[in-house]
Amino acid sequence: MKVTVVGAGAVGATCADNIARAALCEEVVLLDIKEGLAEGKALDITQTATLLGFDTKITGSSNDYSKTAGSQVVVITSGIPRKPGMTREELIGTNAGIVQTVAQNILQYSPDAIIVVISNPMDTMTYLALQSTGLPKNRIIGMGGILDSARFKCYLSAALNCSPADLNALVIGGHGDTTMIPLIRYATWNSVPVTQFLSANQQQQVVSDTMVGGATLTKLIGTSAWYAPGAAGAALVKSILRNEQRLFSCCVHLDGEYGEKDLCLGVPVTIGKNGWEKIIDYRLNETEQAQFAKSAEAVRSMNAVLQTLS
Ligand SMILES: NC(=O)c1ccc[n+]([C@@H]2O[C@H](COP(=O)([O-])OP(=O)(O)OC[C@H]3O[C@@H](n4cnc5c(N)ncnc54)[C@H](O)[C@@H]3O)[C@@H](O)[C@H]2O)c1
Ligand SMILES: O=C(O)C[C@H](O)C(=O)O
């Protein structure tokens, strides 16, 4: 089995590294437009193999898509990241062209691939990938909710002083500072709702910290995060390749589910060998449904911006 990661920058290289270390497939191809970058990072990761004990082959490619031929899964991370003070949405002008070109190039050599979109603004880039390739909707998955849910669990574990491994929590909606919806009502600590242990103020703090989780890191680092995003991308790839049927929050095309259609947005879905397989209805209450509708409205207006780009 073969996985391609497009973009050998911070997120792409970390994602490829995680996939290789976990030996999820025989070969990982890392591709970047910048001459030498993907080859160099692939060689560097390869040199960790004897230290870390894996034998996955890692191939680097400077924009030669023939090396990606026959990939089962392709992860798109190519594009610019935001700087402190920016929103993800501001990246659309540069990243839309990159994502569209990359998706088309990929399909020339891997017509059956499942495509995972990470580049921002991720909800709109997922929609663009779907519209521009015309692939069956189950084969295009946007990664954002897995990362946001991991951050949600981190903030919850700090508030509860408990192990994040004992927490179950999901963030749905858009992958944006104001569009994501951490579902605190459904978050549990070993099956007990966390709302039993946290005050209303504490709950609100966890929710708002989660929503600006990416911006907090961007401010600290000077560019956006990569360790957790790369690991989240690899977790998604693992569930596809191993047909795990994990229930993740992913950005997928909605056709009436959660009251929305003709856009891609984060909802709970099962992930397996066919890509995303089933959307699970979490029965949102009135407040949550209103938040979801608002999130959809914001993402829909970003999608409309695509029409204005040349
Ligand atoms: N969805 C998420 O949860 C999430 C998380 C983190 C980052 N991101 C996004 O992922 C993207 C990458 O972030 P990063 O930190 O890795 O950035 P980065 O600048 O480190 O890497 C991006 C890479 O893309 C390459 N690239 C640009 N155009 C290309 C093309 N046409 N073909 C192939 N490669 C191309 C660049 O040369 C660069 O190496 C950004 O848009 C960022 O906002 C999304
Ligand atoms: O915050 C960003 O711009 C990158 C990414 O979407 C993240 O959440 O880390």
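Please treat every number below as a calculation from the coordinates, not as lab data. Just so it is clear, the model here is predicted, and its values are computed rather than measured. Every residue, glycine as well, gets a Cβ built from its backbone with ideal geometry; the counts of neighbours run over all protein chains shown.
I want to make sure I understand the PRE zone here: with the label point 7 angstrom from the Cα of Gln289 toward its beta carbon, which residues in region 178-207 have backbone N atoms less than 18 Å away?
Output list for this probe position: 181, 183-186.
Per DSSP helix of 4 or more residues, -39500 (n - 2.57); summed, then divided by the residues of the chain. What does that give at 222 nm, rounded to the nearest 500?
On the way: 10 runs with 128 residues, N = 310.
Rounded to the nearest 500, it is -13000 deg cm²/dmol.
With unit charges on the beta carbon (Lys/Arg positive, Asp/Glu negative), name the residue among Ser301, Gly233, Ser199 whose Cα is farthest towards the positive pole of the charge dipole of region 145-309.
Gly233
Highest first, please rank the peptides 185-194, 1-10, 142-151 by the mean number of other Cβ atoms sitting within 10 Å of their residues.
142-151, 1-10, 185-194
Compute the label zone of Thr178 within region 136-152: residues whose backbone N is under 18 Å from the point 7 Å along Cα-to-Cβ.
Output list for this probe position: empty.
For the pair Leu43/Asn63, report the inter-label distance in nm, with labels modelled 7 Å from Cα in the Cβ direction.
Computed distance between label sites Leu43 and Asn63 equals 2.0 nm.
Against the longest principal axis of the chain, how steep is helix 145-160, in degrees 0 to 90 to the nearest 10, with axes from Cα atoms?
50 degrees
Once the piece of chain linking Thr87 and Gln202 is laid out straight, how much longer is it, given 0.36 nm per residue of separation minus the C-alpha distance between them? Please report the intermediate quantities before stating the final value.
Working: separation 115, 0.36 × 115 = 41.40 nm, distance 2.57 nm.
Full extension from Thr87 to Gln202 adds 38.8 nm.
If the cut-off is 19 Å between C-alpha atoms, which aspartates and glutamates fall inside it for Lys273, apart from same-chain ones fewer than 8 positions away?
Cα-Cα hits under 19 Å: Glu26, Glu27, Asp112, Glu244.
Roughly how many debye, to the nearest 20, is the charge dipole of region 2-144 about its Cα centre, given +1 on each Lys and Arg Cβ, -1 on each Asp and Glu Cβ, and no other charges?
Computed charge dipole of region 2-144: roughly 240 debye.
What is the gain in length, in nm to one decimal, between Lys219 and Gln307 on full extension, counting 0.36 nm per residue of separation less the C-alpha to C-alpha distance?
Once the chain is fully extended between Lys219 and Gln307, it gains 28.6 nm.
Once you put a point 7 Å from the Cα of Glu277 and another 7 Å from the Cα of Asp262, both along the Cβ direction, what distance in nm separates them?
The answer from the label model is 3.1 nm.
Could you work out how far apart the two model spin labels at Glu26 and Asp166 are, taking each label as a point 7 Å from the Cα in the direction of the beta carbon, and quote it in nm?
According to this spin-label approximation, the distance is 4.4 nm.
Tell me, what is the percent relative contact order of region 145-309, built from C-alpha pairs under 8 Å that lie six or more residues apart? Mind dumping the intermediate values first?
Working: 253 pairs, mean separation 35.3, N = 165.
Result for region 145-309 is 21 percent.
Quick check: the distance between the Cα centres of region 19-38 and region 74-122, to the nearest angstrom?
Between the Cα centres of region 19-38 and region 74-122 lies a distance of 17 Å.
Pull out a ≥ b ≥ c, the square roots of the eigenvalues of the alpha-carbon gyration tensor of region 163-310, then state rounded if a/c is under 1.5, prolate if not and a/b is larger than b/c, and oblate in the remaining case. Don't skip to the end; give the middle numbers.
Working: a/c = 1.22, a/b = 1.15, b/c = 1.06.
It comes out rounded by the Cα gyration axes.
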